Amino acid sequence: MGIFFVNMKTTIIQSITGGLVVVVAIIFAGMLAFKDILPYLNGWKRMVTIAVLFLYAAYRFSRIYKDFKKVQ
């Protein structure tokens, strides 16, 4: 029973960290989409970077959601 609580605590910590990664990835993708913060990133490279950031955020969010469903 003690191992379950330790595993649950690490799952919560991993979920919080993953949630922060999701937020940072979405904010950075939004900044790339609407501001010219990296002038050397133009055209298709910018679009690919934005798409990769959104896909990564979606992937991390799905893992967090799956972990919360497993705990409940």
*Does residue 43 fit the bill of being at positive phi and out of contact with any helix residue (DSSP H, G or I) (no Cβ under 8 Å at 6 or more places or on another chain)?*
yes
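Quick check on this structure: which one of 28, 68, 54 is touching a residue at least 40 places away in the same chain (Cβ under 8 Å) and of a type in the set (A, V, I, L, M, F, W, C)?
Values: 28 fails: touching a residue at least 40 places away in the same chain (Cβ under 8 Å); 54 fails: touching a residue at least 40 places away in the same chain (Cβ under 8 Å).
That would be 68, the only listed residue that is touching a residue at least 40 places away in the same chain (Cβ under 8 Å) and of a type in the set (A, V, I, L, M, F, W, C).
No lab work stands behind these numbers, since they all come straight from the coordinates. Note that the structure is predicted; figures quoted are calculated from it, not measured. Positions of Cβ are backbone-derived with ideal geometry, glycine not excepted, and every protein chain shown enters the neighbour counts.
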